[in-house]
Amino acid sequence: MKYFRLVWAGLARKKARTILTMLSIIVAFLLFGLLQGVNQGFNQVVENLNVNRLYTSAKTNMVDGLPISYAQRIKSVPGVQHVSHWTYFGGYFREAKNAIPAFATDAEALFAIYKEIKIKPEYIEAMKRTRTGALVSDQLAKQYGWKIGDRIPLGTSIWTNKEGSNTWYFDLVGTFDVSSYGIGFPSFYINYDYYDEAKAFGKGVVHYYLIGIADPLQATRVAKAIDSQFENSMNETRTQTESGLAQNNLKQVGDINFIVNAIVGAVLFTLLFLTANTMMQSVRERIPELAVLKTLGFSDGKVLTLVLVEAFLLCIFAALLGLFFAALIFPGLKALIGDLPMPLSVVLMGVGIAMLLALISGLPPALRAQRLNIVDALAGR
Amino acid sequence: MKMIRQIGSVTAMNLRSMPQRLGTSLVIVIGIAGVVAVLVSVLAMSTGMLRTMSNAGRDDRAIVLRNGSAAEASSALTLDAARLIADATGIKRDADGKPILSSESMRVLTAYKKEDGAEVNITIRGVGPKAAALRPELKIVEGRMFEPALAEIIVGKAANKQFRGFNVGDKIKTRGANWTVVGIYTTGDAHESELMTDVEALNAADRRGGYQSVTVQLESARAFAAFKDALTSNPALSVDVWREREYYEQQSKMMGRMITIVAYVVGGIMAIGAVFSALNTMYSAVSARVREIATLRALGFGATAMVMSVLVEAVLLALIGGAIGAALAWLFFNGNTVSTTTGVAGHLVFDLVVSPALIIVGIVWACSIGLVGGLFPAIRAARLPVATALRAV
Amino acid sequence: MSAIVSLRNVTKSYVRGKEKVEVLHGVNLQIQSGEFLALMGPSGSGKTTLLNLVAGLDQPTSGEVIVGDQRIDRLSRGALADWRARHIGFIFQFYNLLPVLTAEANVEVPLLLTSLSKAQRRERVQTALKLVGLADRGKHKPNELSGGQQQRVAIARAIVADPTLLVCDEPTGDLDRQNAEEIMNLLQALNRSQGKTIVMVTHDPRAAGFASRELHLDKGQLANVEAVA
């Protein structure tokens, strides 16, 4: 654009001020990108969850558990395709601090329900054949250096086995890849039959029933049908979808949405003040120059546009830089939200906010420039 | 002396001309207010959390768990084990010669937050007959204590405040029993987020025997070592023994640490932004008064006086901003009840605490930002070549 | 030679607070094409106001202002801006160059309003700079040029779009004697060899001496003085 030099003239006039303002904007949008990225990341994880799956647990509290006998009755509910279950074993490897959240399950049904988890069919067969078998995620196996065929001892502080020992031995028969699912999928599985038979007490109990349904639109109906089967019994059930479950878990940490929005709001408010002040100052100092431009024949509208374009250039360029840095740092937050890139929606939101910032901080001085009277301005009034 | 007088008079001149620079001065104030408000508010969370947790421990009480348990919830002690523990040395005895301790079991219950119905796991604690003597800090503030062996339960004040259906007279359903809330208690610590009843009633409800933990009153804080030795050297027991305070600090450590990290990272990034904007403001303050500064220097005011006066102005504005930020944090968040998770079976309800220590942290940050933001412009003011400056338009 | 500027019964008044101040009282003026006119008068006489009216920077309270067959007292602000771009070159006392741009870029600014290509603009800029004798200083910024050189850049900017009229407000006001003389020589050369019509406000009698006609303004009214050869 041939007018670019003029816009540049406005910004480069007080280089220090322009650069410092830009740095403030960069920092603000860096923070915005990180915080909203985490916030949206959580939301996305929840939304992406599978709606073909339901979870049934004891109504009073999941820890109370449900009888294994329920499995058949749940299977008979119309719309139910597969039924598996999870029973928490929760041991540790060698030392208490190496906690391994292990679950006892029906592996064949389990991986039929979680189709996105990649596992070789021969591993599932091996699990069926080996009572003391264990299936472990690739990542966990790598972390402890386990190979297929290893004998893995898990210690437990609760579940003493029939021999009176607190150490259980499992044979690693296969591994699976959870990367397409993300965080939250248990990484160590043992056979339910073996576990239930070998434990000294608390038999016949399951913590979660996992239900694969044929038609996601039927989710609510099937859930209700399952729960009504066991209403008014000793062990009432509660069935929810996967995203319902995830949302609950998230909410337990706190109202993250509110916190992020509050902080971002505070940051953007202070930033708005700074930017508006910078633009105002810049125009005020340049009144004679703007008057000269008008003298040379630049219309009121052109001068207004000039100032606005300056504001937009400043804000959007700096905002994009800030968002870029946020996107770079984002993978470092893997521990919080799993393997996610910074959501595109955050970038779009950021650009939108930057435009609003430019408009609000740039419009008053732009209007001032538009309206300025040449004669008065040149005379210094 | 002369230096101080110089600094004083220059600063006074600066301040008197500030109304003309109100816009730019406000930028520092608002920017720093934002940083301090956010920092203090988020730290108030970890402060409140840690305070509530560490209150729950006394140095002369110890808790015994099954060997290898990360927390009470994953521990399991048999009746025999409890009996052996009760015989160990170091436990204080009451007037009847019985050891002051409580063998306790826990169950998890789903509670629903009042504000948004979010589901949360909270603890029902079954306590032994000597619990009152063990925990004198427990006071019934409404209703009455539960009768042992009845399906009666008392609710911690914090739990009562945060969750639905925990008022005196309400009924609570767990696996195998229907409980009636008969009282509300305070302890000033993490136990206020729990429900309490008689351990035998709790165990009978779902026909589970055994305990999760044994908490004992020691003869004195120093008796801990002997007590621990007696238990760990006993071949019939495999237990972990903790000082109560250390155990509770451990429980909240991870969450508390995470919150503190978030507070300082977010606050730090905001502070960097505030430094830039402070630099901006002070640079423009200096350049707006180039003639004035040069004149003063020509008149004989020393470079140090110029530097100090700019710094004083910057720090003063920063202090105002910091005070406003701290006040906002206190106004909006002090005393607010929040709750968060502390683990698989734990949910802690606590009050946000904007303590004097936190406010001091905020003020210190504000002053630091002001100092850094004012330093370079101050040096520039001192280095201005006087002759050219006097000619400047 | 036809009258290129015509002022007929022009008055201009301002409202300051509650008072109405009349600065020009029924001024009549004709400027011929190719003239070099000097407007002189004590401060407050209204000479700058008159200049602003001729240059289309302001509009009269009553009366007609005609420049090159166009009645500019009737034009809207937007139309006036357009008209200025095509017909007026303005030279200020304090140069008013854009400090961040080079001399070339400064001279180019009026051409940005035209539809000329970048190459064409560059050519015109070089011609203008050559005319004022600063072809070798094109890449310098204003703060790297002396006062006299800055004013010459300003003059190059004023002529680069080939305006109908050159309007100068105290062009030598901020210059020392030697530079002032150089500038006046330049203006005179532009007038004589290029035929540029120039209207100049000045209080410096030496500068006025370079003009072809002198007019005096006192309390908003014109008084003639004999034309200087």
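Just to verify a result, which residue in region B:330-380, among those that are among the hydroxyl-bearing types (Ser, Thr, Tyr) and surrounded by fewer than 19 Cβ atoms within 10 Å (Cβ to Cβ), is farthest from A:Pro101 (Cα to Cα)?
Here the residue is B:Ser368.
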>> If I go through region B:12-64 residue by residue, how many of them are within 30 Å of B:Leu231 (Cα to Cα) and not charged (D, E, K, R)?
In response: 10
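Go through A:Leu314, A:Leu357, A:Leu306 for me and flag whichever is under 18 Å from A:Val7 (Cβ atoms), within 14 Å of chain C (Cβ to nearest Cβ) and part of a helix (DSSP H, G or I). Step through it out loud before you land on a result.
Values: A:Leu314 fails: within 14 Å of chain C (Cβ to nearest Cβ); A:Leu357 fails: within 14 Å of chain C (Cβ to nearest Cβ).
Testing whether each residue is under 18 Å from A:Val7 (Cβ atoms), within 14 Å of chain C (Cβ to nearest Cβ) and part of a helix (DSSP H, G or I) leaves just A:Leu306.
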> For region A:1-79, which helices (runs of 4 or more DSSP H) that fit wholly inside it have 3 or more residues that are in contact with a Ser or Thr (Cβ under 8 Å, 6 or more places away or on another chain)?
Replying inline: A:4-12, A:15-48
> Right, A:Ala266: away from chain C (no Cβ under 13 Å) and either buried (at least 19 other Cβ atoms within 10 Å of the Cβ) or in contact with a His (Cβ under 9 Å, 6 or more places away or on another chain) (or both) or not?
Replying inline: yes
> So which residues in region A:96-118 are away from chain B (no Cβ under 14 Å) and either within 25 Å of the chain's Cα centre (by Cα) or not hydrophobic (A, V, I, L, M, F, W, C) (or both)?
Replying inline: A:Thr105, A:Asp106, A:Glu108, A:Leu110, A:Phe111, A:Ile113, A:Tyr114, A:Lys115, A:Glu116, A:Ile117, A:Lys118
> Listed residues A:Lys120, A:Lys128; which is out of contact with any strand residue (DSSP E or B) (no Cβ under 7 Å at 6 or more places or on another chain) and at pLDDT 90 or above?
Replying inline: A:Lys128
> If you take the residues of region B:267-278 that are in contact with a Leu (Cβ under 7 Å, 6 or more places away or on another chain) and within 9 Å of chain A (Cβ to nearest Cβ), which of them is modelled with the lowest pLDDT?
Replying inline: B:Ser277
>> For region C:61-177, give me every one of the strands (runs of 3 or more DSSP E) that falls completely inside it and has 2 or more residues that are surrounded by fewer than 22 Cβ atoms within 10 Å (Cβ to Cβ) and either hydroxyl-bearing (Ser, Thr, Tyr) or more than 14 Å from chain A (Cβ to nearest Cβ) (or both).
In response: C:62-67
> Given B:Ser17, B:Ser46, which one is hydroxyl-bearing (Ser, Thr, Tyr) and either under 30 Å from B:Asp198 (Cβ atoms) or within 13 Å of chain A (Cβ to nearest Cβ) (or both)?
Replying inline: B:Ser46
> So, in region A:360-379, of the ones that are in contact (Cβ under 8 Å) with a residue 40 or more places away in the chain and within 13 Å of chain C (Cβ to nearest Cβ), which residue ends up surrounded by the fewest Cβ atoms within 10 Å (Cβ to Cβ)?
Replying inline: A:Arg371
>> Out of everything in region B:80-134 that is among the polar types (S, T, N, Q) and under 26 Å from the mean Cα position of the chain (by Cα), what residue ends up being farthest from the other protein chains (Cβ to nearest Cβ)?
In response: B:Thr123
> List pairs: first in region B:134-156 and farther than 23 Å from B:Arg61 by Cα, second of a type in the set (D, E, K, R), Cβ under 7 Å, 6+ apart or cross-chain?
Replying inline: B:Val141/B:Lys157; B:Phe146/B:Glu152; B:Phe146/B:Asp198; B:Pro148/B:Asp198; B:Pro148/B:Glu200; B:Ala149/B:Asp198; B:Ala149/B:Glu200
>> Go through region A:166-220 and report how many residues are among the polar types (S, T, N, Q) and under 16 Å from A:Val51 (Cα atoms).
In response: 3
>> Looking at C:Leu24, C:Leu57 in this structure, which one is more than 14 Å from the chain's Cα centre (by Cα), crowded, with 22+ Cβ neighbours inside 10 Å and either part of a loop (DSSP other than H, G, I, E, B) or more than 12 Å from chain A (Cβ to nearest Cβ) (or both)?
In response: C:Leu24
> Going through region A:60-71 one residue at a time, which ones are within 9 Å of chain B (Cβ to nearest Cβ) and buried (at least 20 other Cβ atoms within 10 Å of the Cβ)?
Replying inline: A:Thr60, A:Asn61, A:Met62, A:Asp64, A:Gly65
>> For region C:1-21, give me each residue that is touching a Gly at 6+ places or on another chain (Cβ under 9 Å) and either part of a strand (DSSP E or B) or modelled with pLDDT of 85 or more (or both).
In response: C:Ile4, C:Val5, C:Leu7, C:Arg8, C:Asn9, C:Val10, C:Thr11, C:Lys12
>> Tell me the residue from B:Thr260, B:Thr281 that is at negative phi, at the interface with chain A (Cβ under 10 Å from one of its Cβ atoms) and either assigned to a strand (DSSP E or B) or not acidic (Asp, Glu) (or both), please.
In response: B:Thr281
>> Against the condition without any contact (Cβ under 8 Å) to a residue 12 or more places away in the chain and surrounded by fewer than 15 Cβ atoms within 10 Å (Cβ to Cβ), how does B:Leu22 come out, does it pass?
In response: yes
> In region B:158-217, which strands (runs of 3 or more DSSP E) lie fully inside it and hold 1 or more residues that are away from chain A (no Cβ under 14 Å)?
Replying inline: B:177-186, B:195-198, B:213-217
>> Let me spell it out: the conditions are (1) among the hydrophobic types (A, V, I, L, M, F, W, C); (2) out of contact with any Asp or Glu (no Cβ under 7 Å at 6 or more places or on another chain); (3) within 14 Å of chain B (Cβ to nearest Cβ), and A:Ile74 meets all of them except one. Which number is the exception?
In response: (3)
>> Among the listed residues A:Val222, A:Val260, identify the single one that is outside the structural domain of A:Trp86 (by TED's automatic domain parsing), surrounded by 18 or more Cβ atoms within 10 Å (Cβ to Cβ) and either touching a residue at least 40 places away in the same chain (Cβ under 8 Å) or not aliphatic (A, V, I, L, M) (or both).
In response: A:Val260
>> Against the condition β-branched (Val, Ile, Thr) and in contact with a helix residue (DSSP H, G or I) (Cβ under 8 Å, 6 or more places away or on another chain), how does C:Val107 come out, does it pass?
In response: yes
> Considering A:Phe32, A:Phe42, which residue is modelled with pLDDT of 90 or more, under 20 Å from A:Asn261 (Cα atoms) and not aliphatic (A, V, I, L, M)?
Replying inline: A:Phe32
> Among strands (runs of 3 or more DSSP E) lying entirely in region A:159-231, which contain 2 or more residues that are under 21 Å from B:Ser69 (Cβ atoms) and among the aliphatic types (A, V, I, L, M)?
Replying inline: none
> Could you list, in sequence order, the residues of region B:275-288 that are surrounded by 21 or more Cβ atoms within 10 Å (Cβ to Cβ) and not β-branched (Val, Ile, Thr)?
Replying inline: B:Phe276, B:Ser277, B:Ala278, B:Leu279, B:Asn280, B:Met282, B:Tyr283, B:Ser284, B:Ala285
>> Of everything in region B:49-69, what is at the interface with another protein chain (Cβ under 9 Å from one of its Cβ atoms) and modelled with pLDDT under 85? Give them in sequence order.
In response: B:Asn67, B:Gly68, B:Ser69
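The values are calculated or read from the model by the stated rules, or taken from the named source; none is laboratory data. From a predicted model like this one, the values you see are computed outputs, not experimental measurements. Note that we place each Cβ from the backbone using ideal geometry, even for glycine, and neighbour counts take in every protein chain shown.
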